[in-house]
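The values are calculated or read from the model by the stated rules, or taken from the named source; none is laboratory data. If you're wondering where the values come from, they're calculated on a predicted model, not measured in any experiment. Cβ placement follows ideal geometry from the backbone for every residue including glycine, while neighbour counts extend to all protein chains displayed.
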Amino acid sequence: MTTIAKGFIDIPASIVLTGEGLHILSKSRTAIQRVPSRSGQPKEGLLSQAFNAATVQKMIMNSYIEEMYYASPEFLTKRPQIISTTNLIIYAMLYKMLSPTMARHVIESPVLREHNRRNPKAAITDFKHVPQKVMDDFLTRNKAVLARIEHEMIDAVLSRITADTQLPEEDKIVRMRSLEKFVRWVDKRIWYLYLIIYQTPLKAEIEKAYVDLFFQYLDNTQIATHTGNLVMEFIQNAEKAHLERVIVRNHLASRDKVDEYLRSKAHREQAIALAARSKQQLEITWQLHTDRVNANKAYNVKIILSNYGLINESTRMNLSQKMKTDTSGIALSDFYEQPSEAGKLGAGLGLLYNSYLEDVCREKGIRYFCTIFPEPKLEKTTVTLDLTF
């Protein structure tokens, strides 16, 4: 059994590079390969049995990755890795959004306006025009101060999270775990602005403003949580339809006995082996795009899951109803208490996460929609989650 190094996600996903990513990696000793892609045409990228999560996340933040693609006759054994990859990508988008969001708030804040009024010759009116060398020298001279400030910031935000009686314990834990990394990913220019004002009488105001921003921004982690849960549910439904098609076509069991058949490990392995021999695969793709025209909505993620096997009309109506559920005033934990359809695998309960995802995206100004696209001629179903940050 191969041991996977800490920090690696053991899924052999193709990493398709953007033009910029190919240019940068070509300068290093990284071996560029021709890798499978969703289009069916090999593209230039990277492929191994496992990938370094932190490295891939940084590549995504730098817009070096166009697509990640994984295909297999079964997904269940890699479901945790698929969810981890989904979370990694959503968090990369959140990190990319953080600094511009903070910059906009700081530039437009009364604190900075007051600073500019008091220091007209050193007025800061545009985040993009912070002088690189001046900033680097200033941050180097104040390295110890900055380290202390970051710790103070983390402690202050942690205190806010702990004291929030409206926040469920599970959400508190997620935010606490995320906080330090969010702070580390903040653009240096943000800290440059902070340090300038931190050393003035406006220190208390800028400190409170930053703590408020971090606290509010951590609320966006709900997007990753709900997306991961929704992908997990679709994976379960996709694999069920995929294996059902194999079982029925090969006369291993009648359609109404498929759930019972799949409860046997030996039967499941038999169905997976048949799917592999017939090259029938489940596919998941994470596509990443940068919208260079619309500056306020710059980052788009599409998560595309395809499987052989069509959903029937009854299932289609059931999914549609669940996806349109009004979840206002209902806690997520309430759904776990509802009994699933007796004897059935993949009853679809988690699709209610779609309503939560729609709600939080609407609140945060993030465009989101989900489509289920059947292809009867190919006997195939494709689900797409589309988020524009």
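Taking every residue in segment 364-375 that is in the same structural domain as ASN354 (by TED's automatic domain parsing) and pairing it with any residue that is outside any strand (DSSP E or B) and surrounded by fewer than 16 Cβ atoms within 10 Å (Cβ to Cβ), at least 6 positions away or on another chain, the pairs with Cβ-Cβ distances below 7 Å are ARG367/LYS297. Residue check: ILE173 meets all listed conditions (1) surrounded by 18 or more Cβ atoms within 10 Å (Cβ to Cβ); (2) assigned to a helix (DSSP H, G or I) but one, namely (1).
List the residue pairs whose Cβ atoms are under 6 Å apart, where the first residue sits in segment 198-226 and is outside the structural domain of ILE82 (by TED's automatic domain parsing) and farther than 16 Å from PHE389 by Cβ, the second is at pLDDT 85 or above and assigned to a helix (DSSP H, G or I), and the two are 6 or more positions apart or on different chains. That search, which allows pairs on different chains as well, returns VAL211/ALA156; VAL211/VAL157; PHE214/VAL157; PHE215/VAL157; PHE215/ARG160.
Of the numbered criteria (1) touching a Lys or Arg at 6+ places or on another chain (Cβ under 8 Å); (2) closer than 30 Å to ARG177 by Cβ, the one ALA224 fails is (1). Collect the residues in segment 1-55 that are within 22 Å of TYR91 (Cα to Cα), among the hydrophobic types (A, V, I, L, M, F, W, C) and either assigned to a helix (DSSP H, G or I) or touching a residue at least 40 places away in the same chain (Cβ under 8 Å) (or both), keeping them in residue-number order. Within segment 1-55, ALA5, PHE8, ILE9, ILE11, ALA13, ILE15, VAL16, LEU17, ALA50, PHE51, ALA53, ALA54 qualify.
Filtering ILE107, ILE83, ILE124 for residues that are in the same structural domain as ILE304 (by TED's automatic domain parsing) and in contact with a helix residue (DSSP H, G or I) (Cβ under 8 Å, 6 or more places away or on another chain) leaves a single hit, ILE83.
Output the residue which, of all residues in segment 243-262 that are surrounded by fewer than 18 Cβ atoms within 10 Å (Cβ to Cβ) and either in contact (Cβ under 8 Å) with a residue 40 or more places away in the chain or outside the structural domain of THR85 (by TED's automatic domain parsing) (or both), is nearest to LEU385 (Cα to Cα). Step by step, filter segment 243-262, then rank; the result is ASP259.
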